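Down below is the structure, laid out as structure tokens.
The values are calculated or read from the model by the stated rules, or taken from the named source; none is laboratory data. What you see is a predicted model; the values in this text were computed from it and never measured. Positions of Cβ are generated from backbone atoms using ideal geometry, with glycine treated the same way; all protein chains shown enter the neighbour counts. Surface areas here come from the heavy atoms of the whole protein model, side chains and all, with no ligands, DNA or RNA. Shrake-Rupley method; radii C 1.70, N 1.55, O 1.52, S 1.80 Å.
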Amino acid sequence: QVQLVESGGGLVQAGGSLRLSCAASGRTFSSYTMGWFRQAPGKEREFVAVIKWSGGTDYADSVKGRFTISRDNAKKTVTLQMNSLKPEDTAGYYCGAHKGGSYYYAGNYDSWGQGTQVTVSS
């Protein structure tokens, strides 16, 4: 199993950028498909982006063209570059390791980190 720690969140004005990192421990990181999800208060955890063990990526429509997910298997990190941020991007952001099934459902991920808060002011 892999252990995950997110970092890089903060307060930013609309239109700004942030770079989130997810650091993993465990010897089999390169074999995992990794996802970023976000959760706003009172809402369910929602899919943001996924990067497969093969390097393929997919994004939620709401972030497509603004966010980029990448991975560095040697450093055991997954990065989410967020540009052109909007107030509606405000949420806690979490990375998880995919365990099977749909990539878009949070219940199909485990090893969640503690999350990192992103707040976008208008």
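Here's a check for you: in region 47-62, which residue that is hydroxyl-bearing (Ser, Thr, Tyr) and out of contact with any helix residue (DSSP H, G or I) (no Cβ under 8 Å at 6 or more places or on another chain) is modelled with the lowest pLDDT?
Taking the candidates together, the pick is 54.
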> Quick one: is residue 120 more than 14 Å from the chain's Cα centre (by Cα) and in a strand (DSSP E or B)?
Replying inline: yes
>> If I ask for residues that are more than 13 Å from the chain's Cα centre (by Cα) and small (Gly, Ala, Ser), which ones from region 28-64 would you list?
In response: 30, 31, 40, 42, 54, 55, 56, 62
> Restricting the search to region 15-46, which residues are open to solvent by 20 Å² or more (accessible area, probe 1.4 Å) and in contact with a helix residue (DSSP H, G or I) (Cβ under 7 Å, 6 or more places away or on another chain)?
Replying inline: 45
>> residue 25 - would you say it is more than 13 Å from the chain's Cα centre (by Cα) and without any contact (Cβ under 8 Å) to a residue 40 or more places away in the chain?
In response: no
> Looking at region 1-54, which of the residues that are in a strand (DSSP E or B) and among the basic types (Lys, Arg) is nearest to residue 105 (Cα to Cα)?
Replying inline: 38
> Can you pull out the residues in region 81-115 that are among the acidic types (Asp, Glu) and open to solvent by less than 40 Å² (accessible area, probe 1.4 Å)?
Replying inline: 89
>> Can you report the number of residues in region 52-80 which are within 18 Å of residue 12 (Cα to Cα) and either among the charged types (D, E, K, R) or loosely packed, with under 15 Cβ neighbours inside 10 Å (or both)?
In response: 1
> Which of the residues belonging to region 88-117 are in a loop (DSSP other than H, G, I, E, B) and out of contact with any helix residue (DSSP H, G or I) (no Cβ under 8 Å at 6 or more places or on another chain)?
Replying inline: 90, 103, 104, 105, 111, 112, 113, 114, 115
